[in-house]
Amino acid sequence: MQSIYTKVTDAMNFFEGNDPTELAKQYQTPLYVCNERILRRQCRNLKEMVTYPNFVVDYSAKANTNLAFLQIVRSEGLEVDAMSPGEIFVEKQAGFTSKEIFYICNNVSKEEMQYAIQEGVLVSVDSLSQLEQFGQLAPGHEVAVRFNPGVGAGHHEKVVTAGKKTKFGIDAECIPQVKERLEKYRLRLVGINQHIGSLFMTGDSFIQSIDSLFEIALQFPELDFIDMGGGFGIPYKKEEGEAPLDISELGKALDKKLYAFAERYGRMVKFRIEPGRYISAESNVLLGQVHSIKTNHGKKFVGCDLGFNVLVRPVMYDSYHGVEVYRPGEATANENDLDENQKELVNIVGNICESGDILAKDRLLPPIQEGDILGVLDAGAYGFTMSSNYNCRLRPAEILIREDGSVVLTRRREQLEDLIKDLIPLSE
Ligand code: LLP
């Protein structure tokens, strides 16, 4: 490979000695590439963030539900949350037991709730009406309740999941009604949970929201656990030197809070967090190939096979993902250090029939050629899980680079037949 622009993956040794252009050739593009070492590192960072002994990290699987990925997460001793029967099913396939799964649902039918109950999974409800529904389905059972601490945070208003404007959680003002329903159906409230939103880079709002959650917890002296939610951010602008969330600083602040609360509460109650992005985002690079380059009215477009069917985040939230460039061929001088004058301002676009299909806007990159392989960084969270078959495009394959550098296929690329496998044509 000719290294054209590979700074971030070089620094992380992301490909563990594999040549991304060869991986692209062998497995074709688009291709999600996962690095096992980085995934394990992220799991451990969180497990070790506090000294408080009764602390559980639930991986929020909505970010990435690849089976091999989940198996690795489990082998690191993490538990999981689920948001749908489908996630419960997949998590069980990955080896998680019912007790290791926490179903945090929102506006679900009786049938869905019943599925979780039958599967022996603890359910968290987030409205009085869903608590009522749970009570009718499973009187006498254990249950958890999601509260809205009144504080939200997140990278985009679409992912702020607490505070005054969102659909999630029960307002603390409704505690008397919650108690009434618990009593009515003889339910035991074993846990309370919250999730303020996705992607904070400083711990302030998280720490602030915990205070409100703890005040709520004091009104329920019999809890087994308090779940503080996820949302821990990762730096998407690594090329520009964006600093990571200081997990050890946050850990220190959190630790103090946990011990102090345990003292107020009178026992070492269990605390949980449920991050998705922090665990999964940096473990994946998405590979695509450039098929066309053109200039339209002075704007340069690099056209590739990474449409928003493969990675929707840039289109859905205006999210930034770093892009690297790898060129098939004999190794030559590294162009990482081209000065700004030699770089070009380009728009990287996909192959979907919408003008909004833009992966990266106005990026300064070394000159790209047709046939180059692009590497989209930090694609492991909400990448494959939000992919679709829009335009009848096939969902990509996924591979895993093991810790010894070997590569295994963990998801086959879809075939054309997959597009019609559930369709029923008219008989005439
Ligand atoms: N717990 C609950 C109840 C959640 O709703 C979520 C995410 C998480 C935990 C994990 O949040 P994380 O640690 O990953 O920030 N698709 C968006 C993010 C949506 C997050 C939805 N809920 C994105 O691509 O940025």
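Both radii are taken from the alpha-carbon atoms of region 37-181; with Rh as the Kirkwood radius, Rg/Rh is 0.98.
Size descriptors for region 212-276, from the alpha-carbon set: Rg then Dmax equal 15.0, 48 Å. By the Kirkwood approach, averaging reciprocal distances over each pair of separate Cα atoms, region 193-245 gets a hydrodynamic radius of 12.6 Å.
With the convex hull drawn around the C-alpha atoms of region 319-384, the volume per residue stands at 122 Å³.
Gain on full extension, evaluated as 0.36 nm per residue between Ser406 and Gln342 minus their Cα-Cα distance, stands at 19.4 nm. Round to a whole angstrom and tell me the spacing of the C-alpha centers of region 201-253 and region 271-347. Centre-to-centre (Cα) distance: 29 Å.
A Gaussian network model of the chain, with springs between Cα atoms under 10 Å, assigns the largest mean-square fluctuation among Gly383, Gly230, Gly95 to Gly95. If you take every DSSP beta bridge fully contained in region 224-369, what fraction is antiparallel? Give it as a percent rounded to 5. Of all bridge pairs located within region 224-369, approximately 65 percent are antiparallel. Specify the residue with the greatest mean-square fluctuation among Glu22, Glu344, Glu417, computed from a Gaussian network of the chain linking alpha-carbon atoms under 10 Å apart. Most flexible of the set in this elastic network: Glu417. Maximal additional length on extending the Glu215-Asp246 stretch stands at 8.6 nm, based on 0.36 nm per residue less the C-alpha distance.
Determine which residues of region 143-166 fall in the zone a paramagnetic label at Ser109 would reach in this model, i.e. backbone nitrogen under 18 Å from the point 7 Å along Cα→Cβ. None, by backbone N distance to the label point. Relative to the longest principal axis of the chain, what angle (0 to 90°, nearest 10) does the C-alpha long axis of helix 128-137 take? The angle comes out at about 70 degrees. Atom-type composition of the exposed protein surface of the chain places 49 percent of the accessible area on carbon and sulfur (1.4 angstrom probe). Listed by chain and number, the lysines whose alpha-carbon sits under 29 Å from that of Lys165, ignoring those within fewer than 8 places in the same chain, are Lys62, Lys110, Lys179, Lys237, Lys257. Taking every protein chain into account, the accessible area of the chain amounts to 44 square angstrom per residue (probe 1.4 Å).
For region 130-234, what is the convex hull (Cα atoms) projected area averaged across all directions, in square nanometres?
Details: hull surface 26.5 nm².
Across all orientations, region 130-234 yields a mean hull projection of 6.6 nm².
Seen from every direction in turn and averaged, the convex hull around the alpha carbons of region 223-375 projects onto 12.6 nm². In percent, rounded to a whole number, the relative contact order of region 176-295 is 28, using alpha-carbon pairs under 8 Å and six or more apart.
Cα gyration tensor of region 289-422, axes a ≥ b ≥ c as square roots of the eigenvalues: rounded (a/c below 1.5), prolate (a/b > b/c) or oblate? Because a/c hits 1.5 or more and a/b fails to exceed b/c, region 289-422 counts as oblate.
How many percent of DSSP beta bridges within the chain run antiparallel, rounded to 5? In the chain, approximately 45 percent of DSSP beta bridges are antiparallel ones.
With the Cα gyration tensor of region 82-157 giving a ≥ b ≥ c as the square roots of its eigenvalues, does the rule (a/c under 1.5 for rounded; else a/b larger than b/c for prolate; else oblate) give rounded, prolate or oblate? Judged from the Cα gyration tensor, region 82-157 comes out oblate (a/c at least 1.5, b/c at or above a/b). Rounded to the nearest 10 square angstrom, Ile358 shows an accessible area of 40 square angstrom against a 1.4 Å probe. The GNM of the chain, with springs linking C-alpha atoms under 10 angstrom apart, assigns the highest mean-square fluctuation among Met113, Met201, Met316 to Met316. Relative to the longest principal axis of the Cα atoms of the chain, helix 36-47 runs at roughly 30 degrees.
Computed per residue of the chain from DSSP H runs no shorter than four, each worth -39500 (n - 2.57), the mean residue ellipticity at 222 nm is -8000 deg cm²/dmol.
In this label model, Ser319 and Ile293 are separated by 2.8 nm, measuring between points 7 Å along each Cα→Cβ vector. Radius of gyration (Cα atoms) of the chain, expressed as a multiple of 2.2 N^0.38 Å: 1.05.
The values are calculated or read from the model by the stated rules, or taken from the named source; none is laboratory data. From a predicted model like this one, the values you see are computed outputs, not experimental measurements. As a convention, Cβ positions derive from the backbone with ideal geometry for all residues, glycine included, and neighbour counts pool all protein chains shown. Note: accessible area is taken over every heavy atom of the protein model, side chains too, but ligands, DNA and RNA are not part of it. Shrake-Rupley method; radii C 1.70, N 1.55, O 1.52, S 1.80 Å.
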